Ligand SMILES: Nc1nc2c(ncn2[C@@H]2O[C@H](COP(=O)(O)OP(=O)(O)OP(=O)(O)O)[C@@H](O)[C@H]2O)c(=O)[nH]1
Ligand SMILES: [Mg+2]
């Protein structure tokens, strides 16, 4: 746990950052500085988001995880029992009014009465999570003391119910702080040690919670804590804070220690981290703004003819929007042209093995098909449609990340090109005006393309419908079977090509998206510089005042301790 704990409830850093941002925003509006818009918006978003820290309660089944959470909040909200109970993850946090929301894997949500939670989270009422619940979110007024934290009850690991384990294991990367619950009357198991090893990858804050302390006498409790300390040190070469807990006796004392040494520190630490991020981001916006203002100040002092010559020197032929637009377009197009070939190179490798496998499968399956030619043909078409859909889906799912080659290349080239533009521009500004512009955060976001809709439709290639009743199947069946089999390579090739085309569209659309972002950056930047160069005339005093105000906030913000 960090030591930089500051128990001040509401430090003024938020106010100062907010004030600095507001000032920067109004200056940007007045001076037509477009470039900082996105950065300001992202920063404003921080005031709204305020994400909670997830404190996950993990451990073997029946360790007493759900009972522990109930006891902390002083309310029996979560189902508990002597057999494995918890089947899905529940997240509990403070809310003005009591409510529970179930999120399902299909993306739908439903609000339910808190009293009905067991219908969704308990193995008995929702065996093996047949109801496809992804997560349950519970808000309780009783959690006011834990505001900023979210307690996460998880299904037991090592339970006979493999599904429970998968749920909790998949969720590990989300953990903010982990409380590993272990029954005090049992030795530490290899599973627990393994879990701790895994957890150390995801969070520096791991706490061992020895539950059911009431099953031991006070002297036994001390012994067990010592035993756990030694084992963990020996096996993992590390120390973790260890807490005892019981929901039956001495609960108040145990809870008090946990609150003081764990939850309170976490909540405060969370605020500390958050304030550091805010301080950094707000200051970088302000510094960016100051750079542009310096530029405006310099030009404000120039005569009109000089200003025009400054403009020509700064926005020269290398640093012009038009030439950059061309360059960025060229990068996007060159990469897009290669997308199809790149994807096909990967998919080519699937062609032959798939012919072979499907030919064998068809030969096997066809033996069971009965009926006249019309029926046989329909059956074949359906078989192709089903099998191809399944195979293309599998390949698409398994391989799609490998299709992003040109996307990544385009991203790198666009980013490099933007950087070069920035450097030339900053160089010109420095040479001509002696002003340094601040570093810009020009990151182009890559949107991951979505999986295409891979449904293969029945293709009717046989125009034999009208004469099927003339063909005696006992004579010709083998011949038709042969034709069906011969068509497999063609079917495979067609479908692989179709898959490549679908992914090509998606990857290229993502490249278009990045291209648009890059053009926007350059457009905003050149428009900003143009506006500052032409619009700053005679505003020397006004600009000086803005610089003084902003500089003061920036100095203040920088010196402030989080
Ligand atoms: N003696 C004693 N029993 C406890 C204590 N806490 C929990 N138990 C009992 O331990 C059993 C398991 O409790 P749960 O809270 O359901 O355990 P869990 O870890 O959530 O179990 P799963 O959700 O199935 O993984 C129940 O029978 C509880 O009554 C405690 O502090 N003392
Ligand atoms: Mg439980």
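Need the failing condition index for residue 122 against (1) within 29 Å of the chain's Cα centre (by Cα); (2) away from ligand 1 (no atom under 13 Å from the Cβ), just the number.
(2)
Hey, does the range 544-552 have a residue that's surrounded by 15 or more Cβ atoms within 10 Å (Cβ to Cβ), more than 40 Å from the chain's Cα centre (by Cα) and in contact (Cβ under 8 Å) with a residue 12 or more places away in the chain?
No, every residue in the range 544-552 fails to be surrounded by 15 or more Cβ atoms within 10 Å (Cβ to Cβ), more than 40 Å from the chain's Cα centre (by Cα) and in contact (Cβ under 8 Å) with a residue 12 or more places away in the chain.
Could you list, in sequence order, all residues of the range 67-93 that are over 17 Å from residue 182 (Cα atoms), touching a strand residue (DSSP E or B) at 6+ places or on another chain (Cβ under 6 Å), in contact (Cβ under 8 Å) with a residue 60 or more places away in the chain and within 12 Å of ligand 2 (Cβ to nearest atom)?
78, 88, 89, 90
Could you grab me the full set of residues in the range 370-384 that are in contact with a helix residue (DSSP H, G or I) (Cβ under 7 Å, 6 or more places away or on another chain) and surrounded by 14 or more Cβ atoms within 10 Å (Cβ to Cβ)?
Those that are in contact with a helix residue (DSSP H, G or I) (Cβ under 7 Å, 6 or more places away or on another chain) and surrounded by 14 or more Cβ atoms within 10 Å (Cβ to Cβ): 373, 374, 376, 380, 383, 384.
Give 271, 230, 250 a once-over and let me know the one that is modelled with pLDDT under 90 and more than 16 Å from ligand 2 (Cβ to nearest atom).
Residue meeting the stated conditions: 271.
Looking at the range 477-495 only, could you name the residues that are within 18 Å of residue 388 (Cβ to Cβ) and over 44 Å from the mean Cα position of the chain (by Cα)?
At the first step, the residues of the range 477-495 found to be within 18 Å of residue 388 (Cβ to Cβ) are 483-495.
If the condition is that a residue be within 18 Å of residue 388 (Cβ to Cβ) and over 44 Å from the mean Cα position of the chain (by Cα), then 483, 484, 485, 486 are the ones that fit.
Hey, can you tell me all the residues within the range 126-154 that are surrounded by fewer than 16 Cβ atoms within 10 Å (Cβ to Cβ) and within 16 Å of ligand 1 (Cβ to nearest atom)?
Scanning the range 126-154 gives 127, 128.
Which of (1) without any contact (Cβ under 8 Å) to a residue 24 or more places away in the chain; (2) at positive phi does residue 420 not meet, given it meets every other one?
Going through the list (1) without any contact (Cβ under 8 Å) to a residue 24 or more places away in the chain; (2) at positive phi, residue 420 breaks only (2).
With respect to residue 63, is the statement that it is more than 10 Å from ligand 2 (Cβ to nearest atom) and in contact (Cβ under 8 Å) with a residue 60 or more places away in the chain true?
Against the criterion (more than 10 Å from ligand 2 (Cβ to nearest atom) and in contact (Cβ under 8 Å) with a residue 60 or more places away in the chain), residue 63 does not qualify.
Please find, among 122, 115, the residue that is under 21 Å from residue 247 (Cβ atoms), assigned by TED's automatic domain parsing to the domain that holds residue 255 and away from ligand 2 (no atom under 16 Å from the Cβ).
Checking each option against the conditions leaves just 115.
Would you pick out the residues in the range 74-86 that are more than 8 Å from ligand 1 (Cβ to nearest atom) and either on the phi > 0 side of the Ramachandran plot or crowded, with 20+ Cβ neighbours inside 10 Å (or both)?
Scanning the range 74-86 gives 74, 77.
When you scan the range 304-316, do you find a residue that is part of a helix (DSSP H, G or I), within 36 Å of the chain's Cα centre (by Cα) and either without any contact (Cβ under 8 Å) to a residue 40 or more places away in the chain or under 18 Å from residue 535 (Cβ atoms) (or both), even just one?
For the range 304-316, residues part of a helix (DSSP H, G or I), within 36 Å of the chain's Cα centre (by Cα) and either without any contact (Cβ under 8 Å) to a residue 40 or more places away in the chain or under 18 Å from residue 535 (Cβ atoms) (or both): absent.
Would you be able to say whether some residue in the range 335-358 is on the phi < 0 side of the Ramachandran plot, outside any helix (DSSP H, G or I) and over 33 Å from the mean Cα position of the chain (by Cα)?
The answer is no, given that none of the residues of the range 335-358 is on the phi < 0 side of the Ramachandran plot, outside any helix (DSSP H, G or I) and over 33 Å from the mean Cα position of the chain (by Cα).
How about the range 203-227: which of its residues are within 14 Å of residue 56 (Cα to Cα) and either at pLDDT 90 or above or loosely packed, with under 15 Cβ neighbours inside 10 Å (or both)?
Listed by number, the residues that qualify are 204, 207, 208, 209.
If you take the residues of the range 8-41 that are outside any helix (DSSP H, G or I) and at pLDDT 85 or above, which of them is farthest from the chain's Cα centre (by Cα)?
32
Among the residues of the range 385-424, write down those that are loosely packed, with under 15 Cβ neighbours inside 10 Å and within 27 Å of residue 339 (Cβ to Cβ).
390, 394, 397, 398, 401, 402, 408, 412, 416, 419, 420
The values are calculated or read from the model by the stated rules, or taken from the named source; none is laboratory data. Model, not experiment: these values are computed from the prediction. Because the Cβ atoms are built from the backbone with ideal geometry, glycine has one as well, and the counts that use them run over all protein chains shown.
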